[in-house]
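These notes concern the structure reproduced below.
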Amino acid sequence: MNNLVYLIPLFPLAGFLINGLFRKSLNKPLIGIIGSGAILASFVVSLVLFFQVKSNGALPVEALFSFINVHDFKIDFAFQVDQLSSIFLLIITGIGFLIHVYSTSYMHDEPTEHFGRYFAYLNLFVFSMLLLVMGANFVIMFIGWEGVGLCSYLLIGFWFKNNNYNYAAKKAFVMNRIGDLGFLLAVFWLLAKVGTVNYHDVFTAESLAKLTPTDITAITLLLFVGAAGKSAQIPLYTWLPDAMAGPTPVSALIHAATMVTAGIYMIARSNVLYSLAHVTQNVIAIIGIATALLAATIALKQNDIKKVLAYSTVSQLGYMFLGLGVGAYTGAVFHVMTHAFFKALLFLGAGSVIHAAGGEQDIRKMGGLKKYMPYTHLTFLVGCIAIAGMPPFSGFFSKDEILAAAYARSPILWGLGVLGAAMTAFYMFRLYATTFLGSFRGTHDQEHHLHESPAAMTIPLVVLAFLSVIGGAVGVPEALHGHHELHHFLSPVLTTEVAPELGHSTEYGLMAVSVVLALAALLFALNKFSKKPELGEPTGFGKVLANKWYIDELYDAVIVNPLLKFADFLKNVVEKSGIDGIVNGVGRFVQYLSRQLRLLQSGQVGNYILFMVLSIVVLFLVFWNQAIILQFLQKVF
Amino acid sequence: MSLMNILLNATEGNNAANYFPIGVQLIFAIGFIATMMIATHLLGPKRKTADKLENFASGIPTHGNARQPIAIKYFLVAILFVLFDVEVIFFYPYAVNFRALGWDGFWKVLMFVGFFVVGFTYIIKKGALTWED
Amino acid sequence: MNAIILSAVWGVIMMFSSILFKNKGAFKYIAAIGLIVLTVANIANTYGCDFFNINTHEMLRYTRFGLFFNTIAFLCTLIYVLLSGKEIEKHGNYVAEYYALIFFVLCGVSILTSFNNLLMLFLGIEILSIPLYILTGSDKRNLKGNEAALKYFLMGSFSTGLMLMGIALIYGGTGSFQIDVVRSATLFGTFSGISFLEVAGLLFMLVAMAFKVSAAPFHFWTPDVYDGAPTVFTSFMATVVKAAAFIAFIKLFEVRIADTSAVINWGMLLSLLIIATLLIGNITAVFQQSVKRMLAYSSIAQAGFMLFAVFSLNDFAKEGLILYAVAYSLATIGSFAILAKMKDITFEGFNGLAKSHPVLAATNTIFLLSLAGIPLTAGFFAKYYMLASVVKTGHYLWLVILGVLFAAVSVYYYFRVIQAMYFKEGDAQAEDVTPGFKIGLIIVAALIILVGIYPQVVLNWLYF
């Protein structure tokens, strides 16, 4: 029965191979069916396994084959499906499937070949993501980790004829690679000290005893560097907004719902290590909240519908890291889940809007879409409410769990978190109001073109909206007379979870403050932008925000340009006159020698024979005086 | 030094010492020729005229270059003559030892003659000896 | 004895076939049959079946090594005849005679691989050389060919003179022509026991052999002769003949150079020759504009590598020499066969060959890679064995390093041809390339790769 485990990654791999190899001979409906069907099949299997896990606990580790086997160092290509990974499997395959279905309609204008390429990449991404969460050791996770990075690169640069998109893809890849280096070093460190990378072996008291506190801090910090790269945290977050160059469903799947949460998965998976490293926890919490606030401020002044959502994603990821930092692992995973629902919904809704507006992404040229696209409008509104944290929508439960845990650690963290939540409510409703309310501000042609999207796009929206509404039900805290089933479900894996010891009254108070503040921000935004939807040119501080705090420029000035200068120096000076000089010099010397030696070949037999006779004389002399010559040579050398 | 050594060793060693008289003779021969040439050069009367530089052709005036092309057939015949002539020479020692070598020698010479005839047949067939084209 | 007698007899048969058959194309097949007969007879001889049991009074002695080389030489000649037979037919009306001369050369080769007496060595060298003088000048109307033949003859005579001088001196020193006796008389190791005449004689022999294998500084004839001779015959001279000369060289010096004492050390002399040969061969080849001349210089460079075998003289060296003979002969025969088909034999003439004749370009690339000693080709193992033999002697490691450096230089000029074929624009033209020719080339290339992957396929025959 457990052979089902293999099937989960097998379907997307098969889909990738079929769509990738035969993309020229298949037609679009077939490609769509294969691509989506593969994920659906995986989803069904995941569901079966989920219920198995739910009733019987974690499945045993399944080793497919021995991956690396050197002496006593052994790494199996093994899969592990436990509570944590089964949740992620459902998110990946479930939302993945919806997005695949959505894509069949969204990408319909592409030529068949590129359509096939798109689905092949998407399937490959799902395959890699499944490897990432199913791997039973850090090495398999790393394979998946790199795989999703590659797919992300390929999909961001999907429209590779636009150079800016290629730059965005490159930026994402390089930023991720910086993080990956940290991950890799952590794995090496772990191998050197513990000698194994299997989760089962590493997270035992016996293995942990081999690690000094310094080791643990260093390993966890390095792992966090990896997570920061993949999950777009300060200082490696700048790639994510640029990654919006990819097709919108890709943004929904990779850059909102799944891949960017890999970092959270990794840290939650290693919670045993992290709970032993308080320094790292504090670092994570601080970076998490800082990212949440920074991204939220930037999102306030963005005018590109996808950019707003991108910064919102960065900000929400910050919340998740805040949760991890304060030990609320369940909260973080819970937020990953709810965020996957409503952010995928928002992105797909944005995609629907862009689709309707003929590729227009600037919210200053939208408005009044409410009457043209009712389904999109309604589902988008649900998403906005969910992300703003209004009860009883899903975002409320997960966000408040994190904030409560943060309060238990430090009220300052909580205060900043609530501020961020208020800003979230503000910019989301700014987006909502300028897009859907008021009257249309685009050109006449665009207005003529506006229409509701086809069913293949609206049905996923509706499903996701439904999930966004009820998704919080699995984590209703006890304060609200719930059972928090997710917490119980995950507790075998997240063994070091610290439940905040707050009285119910405190919890009520905290919820009330955050909800009221968010509601106020929401209403203010709604009020402000539905009356006066024209967004002027930002001035003063707003300009700083609109320009993303000039972080990209700062990186350019501090890191990129000096590196480029140095590379230029190496290229123009060191290589051209140094290395090339030596290499070409040898070549030129040989050529010169060749030209000179060639002259020996005069073509005159007399000369030749003279040379030969002279050589014979020399040979005789050398031969009879070799003892002397040898002595001489020995003296010289 | 070692060159000297080897010369010394050579003389005191094996039969190389026997070559000493030959060396002396060689030196004497060269010395004699050199002495004679120098002597004639110094002692003989000299008369330098342009006529002395002319080619001497038995008193007949020269006409034209000696390097005129001659038909290849002359050379061919000459060379083939030399070849077969030399082969014939082998018959002389055989003739002298005819009785001593007996039948065994006879068969071997017959084989030699066989090769000989084969070569002759070949040049005849190839037309090496046809004078007229 | 089989090989010696049958090759001479088949040479005569070839001569007479010119009278019997008027069709030029027939000779190629008669020659091929002869080569097959020779190969079979020689293999029979190897396994103890000698058809002509003649008492040579130990002047000839058959060894496994020599007989195996005979087989290789005959097979290489067979491949050569089948590949380049068409080209031979283009050179005048004496096609059968050319084949006859090739058979006489093979007779010389057979003597050189089995001589046990200095007179036999001399005889072998002469039987080998004289037909080559004629083949060099076979294109009577080509002035360059005539010049080359005359030069070859003049300088060959000079080296013959040196060799005779050497033999005479050795005879003077030891009183014998048998190399066994020559060896035993000199195994003393110090000057006191050694005869001056003998050592001087050996030095002359060394020079004469160095001339035959075109080792610098006695290589001067090589570029002029290889360049001037018709390409087909250059191919033969540069392969089978040269390898045979090396076999003779190694046989002559087999025991001799092993005796390294403080006073007499042939290593120094040979290392001088090796350095000079590698330097002149490789460096001069760099500047050549004609592929044919480049290959001539490259053959000098390859000779430098083969000299390593004479230098180290151990089991590795002998195995390596056999392997080298195979690798080098196959690659050179193939390369020259393609060259002979080319309209323009300069580097420019090869521009864009990959487009017009992909098979020729691909196989030529394999041949050149093998000559350069790139792994997965036979040339790699050949060079490897050579260098390994020197490493095994334990001294002269710098010689190995030098060898590797020069091998790197050689890559430059071999790759120039590959570059011209694949990466330059042009319309390289090759004449009458038949499907059979292409198949032949592919077979040769496949053999090179086979030996490059599994050299034991050749070497095992030395022992079984």
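Bear in mind that the values in this text are calculations on the coordinates, not laboratory data. Model, not experiment: these values are computed from the prediction. Note that we place each Cβ from the backbone using ideal geometry, even for glycine, and neighbour counts take in every protein chain shown.
Numbers at a glance
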{"quantity": "J(HN,Hα) series, segment A:600-606, from Karplus relation 6.51 cos²θ - 1.76 cosθ + 1.60, nearest Hz, glycine and proline x", "calculated": "4, 7, 7, x, 9, 4, x"}
{"quantity": "Longest DSSP-loop-exposure-free segment, GluC sites (Glu not before Pro), chain C, at most 16 other Cβ within 10 Å", "calculated": "C:59-253"}
{"quantity": "Whole-angstrom gap from segment A:404-479 to segment A:518-562, using each part's C-alpha centre", "calculated": "18 Å"}
{"quantity": "Residue mean of other protein chain beta carbons inside 10 Å, B:34-46", "calculated": "0"}
{"quantity": "Averaged over C:403-412, number of beta-carbon atoms from partner chains that fall within 10 Å", "calculated": "1"}
{"quantity": "Label-point gap, in nm, between B:Val113 and C:Thr346 - each point 7 angstrom along Cα→Cβ", "calculated": "6.2 nm"}
{"quantity": "Other protein chain Cβ atoms within 10 Å, averaged over every residue that makes up A:613-624", "calculated": "6"}
{"quantity": "Amide H partners (placed H, <5 Å) of A:Ala63, local residues excluded", "calculated": "A:Phe79"}
{"quantity": "Label point at B:Ile124 placed 7 Å out along Cα→Cβ; residues across segment B:94-113 whose backbone nitrogen lies under 17 Å", "calculated": "B:113"}
{"quantity": "Under the span-like rule (Cα at least 24 Å along the axis, Kyte-Doolittle mean at least 1.0), DSSP H helices of chain B", "calculated": "B:20-43, B:72-89, B:98-125"}
{"quantity": "Segment A:19-140: C-alpha gyration tensor shape, a/c 1.5 cut-off, then a/b vs b/c", "calculated": "oblate"}
{"quantity": "Ranked packing of A:458-465, A:346-353, most packed first, by mean Cβ within 10 Å", "calculated": "A:346-353, A:458-465"}
{"quantity": "Chymotrypsin sites (Phe, Trp or Tyr not before Pro) restricted to segment A:1-47 and DSSP loop, no more than 15 other C-beta within 10 Å", "calculated": "A:Phe22"}
{"quantity": "Built amide H within the under 5 Å cut-off of C:Gln178, gap 5+", "calculated": "C:Leu118"}
{"quantity": "Exposure rule at most 12 other beta-carbon atoms within 10 Å, DSSP loop GluC sites (Glu not before Pro): chain A longest free segment", "calculated": "A:1-500"}
{"quantity": "Too-long pairs where the Cα-Cα distance tops 32 Å, listed order kept, from A:Lys343/A:Lys543; C:Lys28/C:Lys151; A:Lys571/C:Lys424; C:Lys392/C:Lys424", "calculated": "C:Lys392/C:Lys424"}
{"quantity": "Calculated FRET efficiency for the pair C:Val9/B:Ile60, C-beta based, R₀ 51 Å, to 0.05", "calculated": "0.40"}
{"quantity": "Estimated 222 nm signal from helices in the protein assembly as shown, with DSSP H stretches of n ≥ 4 weighted -39500 (n - 2.57), rounded to 500", "calculated": "-23500 deg cm²/dmol"}
{"quantity": "Karplus (6.51, -1.76, 1.60) ³J(HN,Hα), θ = phi - 60°, over segment C:440-446, in Hz, Gly and Pro reported as x", "calculated": "x, 4, 5, 5, 4, 4, 5"}
{"quantity": "Principal-axis tilt of helix A:4-21 within chain A, Cα atoms, nearest 10 degrees", "calculated": "70 degrees"}
{"quantity": "Cα centroid separation - segment A:57-92 against segment B:29-106, whole Å", "calculated": "100 Å"}
{"quantity": "Order by protection proxy (mean Cβ within 10 Å, highest first), peptides C:435-448, A:406-419", "calculated": "A:406-419, C:435-448"}
{"quantity": "Between segment C:437-464 and segment A:274-290, the alpha-carbon center distance in angstrom", "calculated": "66 Å"}
{"quantity": "Count of Lys pairs (Cα-Cα under 13 Å; at least 8 positions apart or interchain) in segment C:211-345", "calculated": "4"}
{"quantity": "Label zone at A:Lys371 (point 7 Å along Cα-to-Cβ), backbone N below 20 Å, segment A:412-433", "calculated": "A:432-433"}
{"quantity": "Sorted peptide list for A:376-383, C:36-43, C:359-366, C:457-464, criterion being average Cβ within 10 angstrom, highest first", "calculated": "A:376-383, C:359-366, C:36-43, C:457-464"}
{"quantity": "Cα long-axis angle, helix A:138-156 against chain A (0 to 90 degrees, to the nearest 10)", "calculated": "80 degrees"}
{"quantity": "Helix C:24-46 vs. chain C, principal-axis angle (Cα, 0 to 90°, nearest 10)", "calculated": "30 degrees"}
{"quantity": "Cα-based shape type of segment A:590-632, given that a ≥ b ≥ c are square roots of the gyration tensor eigenvalues and the cut on a/c is 1.5", "calculated": "oblate"}
{"quantity": "Amide H contacts of A:Met390 (H built 1.01 Å from N, under 5 Å, at least 5 apart or other chain)", "calculated": "A:Phe396"}
{"quantity": "Distance in nm between pseudo-label sites at A:Phe589 and A:Leu570 (7 Å out along the Cβ direction from Cα)", "calculated": "2.6 nm"}
{"quantity": "Using a Förster distance of 41 Å, the FRET efficiency for C:Asp180-A:Phe632 (Cβ separation, nearest 0.05)", "calculated": "0.65"}
{"quantity": "For chain A: rounded, prolate or oblate by the Cα gyration tensor [a/c cutoff 1.5]", "calculated": "prolate"}
{"quantity": "Where chymotrypsin sites (Phe, Trp or Tyr not before Pro) in DSSP loops with at most 12 other Cβ within 10 Å are excluded, longest remaining stretch of chain B", "calculated": "B:57-130"}
{"quantity": "Length added when fully stretched, A:Arg177-A:Lys28, from 0.36 nm per residue minus Cα-Cα", "calculated": "50.2 nm"}
{"quantity": "Calculated from backbone phi, Karplus (6.51, -1.76, 1.60) coupling profile of segment A:582-595 in Hz, x at Gly/Pro", "calculated": "5, 4, 5, x, 4, x, 5, 4, 4, 4, 4, 4, 4, 4"}
{"quantity": "FRET efficiency, 1/(1 + (r/R0)^6) with R0 41 Å, evaluated for A:Tyr550 and A:Ile459 via beta carbons", "calculated": "0.45"}
